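Presented below is the structure to which this report refers.
The values are calculated or read from the model by the stated rules, or taken from the named source; none is laboratory data. Since the structure is predicted, the reported quantities are computational estimates derived from the model, not experimental observations. Positions of Cβ are backbone-derived with ideal geometry, glycine not excepted, and every protein chain shown enters the neighbour counts.
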Amino acid sequence: MNWIQLKAEIKPEHIEALEEGLLAAGAVAVTMQDGADQPILEPDLGTMPVWDKTTLTALFEQDSDTQRIQQVAEDVFKVYAPNDRFPSIQVDILENEDWTRKWIENFKPISCGERLWICPSWCEPPNPDAVNLLLDPGLAFGTGTHPTTFLCLEWLDKQTLKGKTVVDFGCGSGILGIAALLLGAERVIAIDIDPQALTATQDNAKRNHLNKEAIECYLPEDCPELKADILIANILAQPLYSLRDHLSSLCKSSAQIALSGILKEQAQDLNVHYQQCFEMNTPEFQEDWSRLTGKKHSE
């Protein structure tokens, strides 16, 4: 299987805006490279590469719609950099084996708390007794190193999930919902506007030896009525504003929520916005990103 590769030369201040746009459009992976051709496939936790000139490259599955990708990426870019011009993007086809080799060389096991590890399937898990979520190259799957994903995984690792119903809203490739099941959740409802994300979620659940019935995948308009014990949404601040009441309607009284995909400077206002429906905690941060958590008010 080949891959569609999108590449752009950008300024340092546009790294986050374009990266988030391409991830929102369904990128399998995003890489950054400086003028000396020293690649960082994903920055280490707690770091962000900054060069005078950055080449940002994103990979998409070969049947992806490039016009849709660029439109989604541009829409998200404008949220982060409303006064700047969207960068020119070069589109190429990349042979699968080249990307797979780079992925294997750079993707290492990641600890996401006291129990949970994200592990490439070709590596021996550092802690066989831990909860190990297995990943392979070639899947539309975040590796957990992006701060927003890591913040959500770290939070899930701290929760008591046994017997709980969990909603993964904006599931993407399902990493959060799958982690919840592996950590003891009884049922996960994965919701996304992109049918390909729902397919990827089911495929990734199967790879982790989970029963198909354990993770239910829905487009928003097809989701049945439900009341979750825990809801997690790793999307963007703007949709989180408009989705507050809907997300609340999916939660039981006293349900726990975790929200991410939120820039540090957006956290306080969004936290206040959610206080109408939830008892919100103090925001927590990693790099320029934040995680909001809270408990639904008693009904």
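Return a yes/no flag: does segment 63-70 have any residue that is under 20 Å from Asp288 (Cβ atoms), modelled with pLDDT of 80 or more and aliphatic (A, V, I, L, M). Within segment 63-70 (the criterion being under 20 Å from Asp288 (Cβ atoms), modelled with pLDDT of 80 or more and aliphatic (A, V, I, L, M)), the answer is no, since none of the residues qualifies.
Here Arg207 passes the criteria (1) touching a residue at least 12 places away in the same chain (Cβ under 8 Å); (2) surrounded by fewer than 18 Cβ atoms within 10 Å (Cβ to Cβ); (3) within 27 Å of Gln276 (Cβ to Cβ) except the one numbered (3).
Among the conditions (1) surrounded by 14 or more Cβ atoms within 10 Å (Cβ to Cβ); (2) out of contact with any helix residue (DSSP H, G or I) (no Cβ under 9 Å at 6 or more places or on another chain); (3) at pLDDT 85 or above, the only one that Ile89 does not satisfy is (2).
Residues considered: Gly26, Gly113, Gly35. Of these, the only one that is at pLDDT below 70 and outside the structural domain of Ile262 (by TED's automatic domain parsing) is Gly35.
Restrict the check to segment 126-134 and report whether at least one residue is at pLDDT below 75 and either over 23 Å from Gln202 (Cβ atoms) or of a type outside the set (Val, Ile, Thr) (or both). No, the conditions are met nowhere in segment 126-134.
Take segment 199-252 and flag every residue that is of a type in the set (Gly, Ala, Ser) and either modelled with pLDDT under 95 or part of a helix (DSSP H, G or I) (or both). Within segment 199-252, Ala200, Ala205, Ala214, Ala237, Ser242, Ser248, Ser249 meet the criteria. Taking Phe278 as meeting all but one of (1) more than 30 Å from His14 (Cβ to Cβ); (2) at pLDDT below 95, write down the number of the exception. So the condition that Phe278 fails would be (2). Checking each residue in segment 282-292 for being in contact (Cβ under 8 Å) with a residue 60 or more places away in the chain and surrounded by fewer than 20 Cβ atoms within 10 Å (Cβ to Cβ) picks out Glu284, Gln286, Glu287, Asp288.
Of the residues contained in segment 162-178, none is found to be of a type in the set (A, V, I, L, M) and farther than 24 Å from Leu292 by Cβ. Being charged (D, E, K, R), buried (at least 16 other Cβ atoms within 10 Å of the Cβ), out of contact with any His (no Cβ under 8 Å at 6 or more places or on another chain) and at pLDDT 90 or above is the requirement here; does Asp192 meet it? Yes; evaluated as a whole, the condition is true for this residue.
Remark: pairs (first residue in segment 267-281, polar (S, T, N, Q); second residue crowded, with 16+ Cβ neighbours inside 10 Å; Cβ separation under 7 Å; 6+ apart in sequence or on different chains) = Gln268/Pro283; Asn271/Met280; Asn271/Pro283; Asn271/Leu292; Asn281/Thr293; Asn281/Gly294.
Applying the condition of being β-branched (Val, Ile, Thr) and within 18 Å of the chain's Cα centre (by Cα) to segment 147-163 and asking which residue is farthest from Ile175 (Cα to Cα) yields Thr148.
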